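*Asks:* This is the structure I want to talk about, given as structure tokens.
The values are calculated or read from the model by the stated rules, or taken from the named source; none is laboratory data. Remember, predicted model here, so these are calculated numbers, not experimental data. We place every Cβ from the backbone using ideal geometry, glycine too, and count neighbours over all the protein chains shown.
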Amino acid sequence: MSKTISRLYNSHAEARAAVRDLEAAGLKHSDISILVSNADNAYDEKTKSFPDRDLDGTDDRAEGAAAGGGVGAAVGGAAGLLTGLGLIAIPGVGPVVAAGWLVATLTGAAAGGATGGIIGALSQQAGLSKEEAEVYSEGLRRGGAIVSAKVPDGDAARLQAVMDRSAVAVTDRMAAYRKSGWTTFSPTAKPYTRDEVIKERTLYR
């Protein structure tokens, strides 16, 4: 028997670290899905990578060259799930970098105009309640990332602890959204711009 665990992260760097930690802990990459907002254009589709891994606004390859290696040299060569990343568009969220088993559900919902869209996909496939799915979807829209993992029941506690290391406290995030006037995720909402995403992330550092 298995269960699905999902977590929300503030940025692609934290979500990708969680994916790598899950794979290092023994979870097959076919059991992991990742959805990352690309509102900040951090993903380079040509190289299939995130050149600015440390989120400082500068291509790490250039930084690495200037420093004689280091971070820039580590940008390429990702293994496992992260080699299968691709761009999809989600109504109300905008461009998303995605990989894994959840992608088929999302692309099918988007292409067919299925009721629920990302909310339906997250609540029906990713182990979230509808209320949680609303917050996760809004978090994705605002520049965040979602990791979902199908884990064996016997390993659930151990792998959940791995995912929790840098995950968002969803109850606190929902309270912050509501305090700012947010009520629910809307698939017709205007996607965030790069500047809006950068401003949003500064609120939670």
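*Asks:* Just a yes or no: is a residue in the stretch 148-158 polar (S, T, N, Q), closer than 17 Å to residue 133 by Cα and touching a helix residue (DSSP H, G or I) at 6+ places or on another chain (Cβ under 6 Å)?
*Replies:* The answer is yes, given that some residue of the stretch 148-158 is polar (S, T, N, Q), closer than 17 Å to residue 133 by Cα and touching a helix residue (DSSP H, G or I) at 6+ places or on another chain (Cβ under 6 Å).
*Asks:* A follow-up question, please. Looking at 31, 44, 21, which is the one that is surrounded by fewer than 22 Cβ atoms within 10 Å (Cβ to Cβ), modelled with pLDDT of 90 or more, under 24 Å from residue 107 (Cα atoms) and among the charged types (D, E, K, R)?
*Replies:* None of the others qualify; the one that does is 31.
*Asks:* Looking at the stretch 126-145, can you tell me whether even one residue there is assigned to a strand (DSSP E or B) and closer than 22 Å to residue 85 by Cα?
*Replies:* Within the stretch 126-145, one or more residues are assigned to a strand (DSSP E or B) and closer than 22 Å to residue 85 by Cα.
*Asks:* Which residue pairs have Cβ atoms closer than 6 Å, lie 6 or more positions apart in sequence or on different chains, and pair a first residue in the stretch 172-192 that is farther than 23 Å from residue 89 by Cβ and at pLDDT 95 or above with a second residue that is part of a helix (DSSP H, G or I) and not acidic (Asp, Glu)?
*Replies:* 174/135
*Asks:* Okay, moving on. I need a count of the residues in the stretch 1-56 that are in a helix (DSSP H, G or I), more than 22 Å from residue 125 (Cα to Cα) and free of Cβ contacts under 8 Å to residues at least 60 places away in the same chain.
*Replies:* 2
*Asks:* Still on this structure, please answer the following. Would you check which residues across the stretch 143-163 are among the β-branched types (Val, Ile, Thr) and over 16 Å from the mean Cα position of the chain (by Cα) and list them?
*Replies:* Passing the criteria: only 151.
*Asks:* Are any residues in the stretch 156-201 charged (D, E, K, R) and surrounded by fewer than 16 Cβ atoms within 10 Å (Cβ to Cβ), and if so, which ones?
*Replies:* Scanning the stretch 156-201 gives 158, 164, 165, 172, 178, 179, 190, 194, 195, 199.
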